[in-house]
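Only the coordinates and a few stated rules stand behind these numbers; no lab work does. Nothing here was measured: the structure is a model prediction, and the numbers come from that model. Methodologically, a virtual Cβ is constructed for each residue, glycine included, from the backbone with ideal geometry; neighbour enumeration extends over all protein chains shown.
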Amino acid sequence: MLIYTLKRLALALAVTLVVSALSFGLLYLSSDPASAIGGEAATDADIANIRKIYGLDRPIHIQYLTWIGKALQWDFGMSYYFRLPVSQIMATRLPVTLILGFSAIVFALVFSIPLGIIAAIRPNSWIDRTALFLSVMGQAMPSFWLGLMLIVVLSVWLPLLPPSGTEGWEYFVMPTIVLGYFAMPAIMRLTRAGMMEVLTSDYIRTARAKGLLSGSILFKHALRNAIIPVVSVSAVQFGFMLGGSIVIETVFAIQGMGYLAWESIKRSDFPTVQAVILVFAVIYIVLTLLADLLNGWLDPRIRVT
Amino acid sequence: MSGVGGHLLEVENLYVDIPIPAGDLHAVRGIDFMVEKGETLGLVGESGCGKSMTALALMNLLPKTARRKAARLFFAGKDLNGLQEREMADIRGNRMSMIFQEPMTSLNPSYTIGNQLAEALFRHRRVSRSEARERALFLLEKVGISAAESRLGQYPHQLSGGIRQRVMMAMALMCDPELIIADEPTTALDVTIQAQILHLLRDLQREFQMAMILITHDLGIVARVTDRVAVMYAGQIVETGMVRDVFNRPLHPYTRGLLDCIPIPKKTKPGEFLGSIPGMVPTPVGHMIGCSFRNRCAQAFETCGSQDPEMRLISASHGFRCLLDPEKLFRKDHARNQ
Amino acid sequence: MIGGITLAVITLLALLAPVLSPHDPYTQSLTTRLSKPFWHGEATGSHPLGKDHVGRDYLSRLLYGARISLLIGFCVALISGVIGTALGIVGGYFGGRVDMVITFIITLRLSIPFVLVAVAVVGIVGGSLKVVIIVLGLLLWNRFAVVMRSATQQIRNQDYIPAAQAVGCSTLRILLSEIMPNIMNSLVVVATLEMANAILLEAALSFLGLGVQPPTPSWGLMVSEGKDFLFFEPWLISIPGTALFLLVLAINLVGDGIRDVTAPENR
């Protein structure tokens, strides 16, 4: 287990390094950040000045290292637009997105896992077919459309929930549903497939031969083994949600990281964009790492050797 | 309420049908047998003859689509026919246990063997954790596993096949069953270990005074370990009797064919050809008439195709299912052995 | 099955868009804006789906939007398919260090939140149909790579590969004639999935204003433009949204159908 952990850790670090370099390099896709900041009316002298102030005249690898160094101390420079430290802005936005993502994944799990289990126990029953139907629907629906339709139904026709903002928990209900809805097909299918496979295995037959009752067989023996891949997929799905939050937050006007990213991109606020991408990437890498480690820990064949 | 004559297990007219696309597969076709307290019955036959299905039928662990039917199915005086699943589950692992063929995959990889052993006991008895642990240790030692204490905390993947099978045996014994069904317990193991496991089974059976049904395709095992034997072919029992009787005087052409195939010390003369049975086992699907062995039988005659042979007893315990005249067979044997 | 038919119908409609559209999708007519579709009872015969906020005929925009979606889906699937398959086959076939490098690249790509990167790149470079296609094509190859890699690994272990090597076939030849045909069905299944994915992503990008630019009728863009009128003219978003949904559903069904036919045990 130790070697397994170390390997995974090393991989995560390597990936983080490369990703940080990439997101840093993103900046240089457009022709010249300095002139972008300066705007159309800037003269050459202005641009040269800007370059100096923002340190854009130094060699690129120095810029990169400086940036990384500061990033490790949670300093991402100043936002061009807000005229505030990026870290400060993120500090208010990040928790919002994390809460949203977390509720969404919990929502998805609470519905998909039981559905997957039931579908596995009674294949081809109406529950199974309904679950499959829902998952097919879920994969095809554009998220922003679902969000908007929910607003129409739940905020306009039957005024139940507020359409936008982040004042209280009601504001999170619709975004959670929309965000969580997209993870459900994958989790449900995986649970179903995993359970179906496990239920035909020899050790389940042994459990029956011991006289164990179906409840105990299902939860203690079958689920314990079938759930292992679901755990890692869930972590990965959580990462996807962070990406998907950009759309959902825009639809529901939630002041989270996704919305921040969108605003910053529209305004060419590069430091913020770089920081947001890096933070999201790191969260995702950490999640994948945790998922891998959890995977290894749950399976005694990896944990104990 | 005790069954007639106090038999431990009474099976009469057991049928198992499995629907397949081509029709109904008659895995078990009207078999009768009995097992007494403390005795070992060997159920012998080729793959596909229905012996495993019989075992699963007794435990009611058949696949969901399979249908079981029996005129009588009594275990220790209790009628197993139509028993609720909950009551059957109370019997499984408790009074009737089963050991399966594949030790490598029969244990849950995510729990320690101590956990899985204790689980069998907790399900059927009210015991404390330390009592369960003691029982597990006791049985592990009985089945010949050294360093039993350290084994309790180990996971299945850390043990070899032979040890896993021993663990399975210990697990089957946790609640002191009256009947243990062993389905090809040694087939998946190395030859060197097979003998050990078999001896172990026999010793355990004697010590714990259990009845055992030993299912195998290997006549050699049957000869060594069982008291009585039932030979199965295409879902039916074609010959049954005390091991000595059946081996010394096999009646059914199939049994005789099987015995001809194996070299028997002191009987087979050096340089003599070993026999073989031509043809293949038929698949019992759909409507069946006549003797299922007739296409491979050297002594088959016309009626064999139209009349279903009944089981005929030639002594109190020895019977065979064939239309041939046993007297003629005896005379032939006698002539052959001159 | 149903998916196939729906897809065929949509494709047909898209191809015939110029012929079928009653009006030019770009012509604006500010005096007659926001007329309602036929189910509201006010229909004027020549505008069965009403008009949008600047008076453009919605039906025509819908049909032309279909072309955009299909074009994007197809091109992106092609580009990402080529990249991903190449990487996957090479990694799966050669194994060892080559595979390690490729796996690392795949993990790398998985760790980058592509929605964000796509958004960022398009935002910086500027949105347009071409940019969207290229960016998505360059980002969506990972599932291709993963699936093709494991499929290749399975095939590599079959006996006919060493047999071909023993006869002296060049590696390229083995790759093309032995491995490719056998992983084709997985390839097609993944291609349909990614195509659907690409369409949804383009719609999301356009919705955010970072994809196809107005006045081009992308369905995502239509939803975005219509959202300001959400409360009183919901059809502006429900029509293109439904269209998107149906198209993606159809593609998914086709993919599922192919998979059921070629590898039913993978359900």
Inset, instruction - For n ≥ 4 DSSP H runs only, could you compute -39500 (n - 2.57) per run for chain B, divide by its residues and tell me the 222 nm figure to the nearest 500? - result: -9500 deg cm²/dmol
Inset, instruction - Return the average number of partner chain Cβ atoms within 10 angstrom of each residue Cβ along peptide A:279-288. - result: 3
Inset, instruction - Report the relative contact order of chain B, percent, no decimals, based on alpha-carbon pairs under 8 angstrom and at least 6 residues apart. - result: 20
Legend entry - Cα-based helix-to-principal-axis angle, A:257-266 vs chain A, degrees rounded to 10: 40
Inset, instruction - Give the residue from B:258, B:235, B:283 lying farthest towards the positive end of the charge dipole for the stretch B:170-299; charges sit on Cβ (+1 for Lys and Arg, -1 for Asp and Glu) and the dipole is referred to the Cα centre. - result: B:258
Inset, instruction - List every residue whose amide H lies under 5 Å from the amide H of residue B:98, counting only residues 5 or more places away in sequence or on a different chain, with H placed 1.01 Å from N in the peptide plane. - result: B:93, B:181
Legend entry - chain B - Kirkwood radius from inverse mean 1/r over Cα pairs (Å): 21.4
Inset, instruction - Taking the Cβ of residue A:258 as the centre, find all other residues whose Cβ is under 11 Å away and add up their charges (Lys, Arg: +1; Asp, Glu: -1). - result: -1
Legend entry - Amide H within-cut-off set for residue A:74, under 5 Å, with H built and near neighbours excluded: none
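Please order B:216, B:303, A:43 by the number of other Cβ within 10 Å, starting at the fewest.
A:43, B:303, B:216
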Legend entry - Kirkwood hydrodynamic radius of chain A, Cα pairs, Å: 22.2
Inset, instruction - Write down Rg/Rh for the stretch B:105-176, rounded to two decimals, with Rg from the C-alpha atoms and Rh from the Kirkwood relation over Cα pairs. - result: 0.92
Legend entry - B:37, B:51, B:64 arranged by Cβ crowding within 10 Å, fewest neighbours leading: B:64, B:37, B:51
Inset, instruction - Partner chain Cβ atoms within 10 Å, averaged over the residues of C:193-205 - can you pull that number for me? - result: 2
Legend entry - Between the stretch C:136-204 and the stretch B:162-222, the Cα center-to-center distance that results, in Å: 49
Legend entry - Charge context of residue A:147, other residues only, Cβ under 13 angstrom, K/R +1, D/E -1: 0
Legend entry - Local net charge near residue A:4, Cβ-Cβ under 14 Å (Lys/Arg +1, Asp/Glu -1): +2
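Fewest to most neighbouring Cβ within 10 Å: what's the order for B:184, C:202, B:102?
Lowest to highest Cβ neighbour count: B:102, B:184, C:202.
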Legend entry - Peptide ranges A:65-77, A:245-257 listed from the most packed, as the mean C-beta count within 10 angstrom indicates: A:245-257, A:65-77
Inset, instruction - Apply the Karplus parameterisation 6.51 cos²θ - 1.76 cosθ + 1.60, with θ equal to phi minus 60°, to every residue of the stretch C:182-192 and state each ³J(HN,Hα) to the nearest whole Hz, in sequence, with x for glycine and proline. - result: 7, 9, 3, 5, 4, 4, 5, 4, 5, 4, 5
Inset, instruction - Starting from the amide H of residue B:30, placed 1.01 Å from N in the peptide plane, find each other amide H under 5 Å away whose residue is 5 or more places distant or on another chain. - result: B:14, B:15, B:16
Inset, instruction - On a 0 to 90° scale, report how tilted helix B:161-173 is relative to the longest principal axis of chain B, with both axes built from alpha carbons and the result rounded to the nearest 10. - result: 80
Inset, instruction - Please give the calculated 222 nm ellipticity per residue for chain A, where each DSSP H segment of at least 4 residues contributes -39500 (n - 2.57) and the sum is spread over every residue; nearest 500 deg cm²/dmol? - result: -24000 deg cm²/dmol
Inset, instruction - Please give the peptides B:120-126, A:83-89 ranked by average Cβ packing (other Cβ atoms within 10 Å per residue), highest first, as a rough proxy for protection. - result: B:120-126, A:83-89
Inset, instruction - Pop the C-beta distance of residue B:127 and residue B:71 into the FRET formula with R0 = 35 Å and round what comes out to the nearest 0.05. - result: 0.35
Legend entry - chain A: relative contact order as a whole-number percent, Cα under 8 Å and 6+ apart: 26
Legend entry - Mean separation of Cα contacts under 8 Å, 6 or more apart, over the residue count of the stretch B:105-176: relative contact order %: 47
Legend entry - Burial order of peptide ranges C:191-201, B:82-92 (average beta-carbon count within 10 Å, highest first): C:191-201, B:82-92
Inset, instruction - Work out from phi, with θ = phi - 60° and the Karplus expression 6.51 cos²θ - 1.76 cosθ + 1.60, the ³J(HN,Hα) of each residue of the stretch C:74-79, listed in order in whole Hz, and give x for Gly and Pro. - result: 5, 4, 4, 4, 5, 4
Inset, instruction - Using the Cα centre as the reference, give the magnitude of the dipole from point charges on the C-beta atoms of the stretch B:105-176 (Lys, Arg: +1; Asp, Glu: -1; all else neutral), rounded to the nearest 20 debye. - result: 120
Legend entry - Cross-link table A:210/B:78; A:210/B:142; A:70/A:266; A:7/A:220; B:37/B:78, entries beyond 21 Å C-alpha to C-alpha: A:70/A:266; A:7/A:220
Inset, instruction - Could you work out the mean count of beta carbons from other protein chains within 10 Å of each residue's beta carbon in A:209-219? - result: 6
Inset, instruction - Quickly work out the residue B:81-to-residue A:231 label distance, labels modelled 7 Å from Cα along the C-beta direction, and quote it in nm with one decimal. - result: 4.9
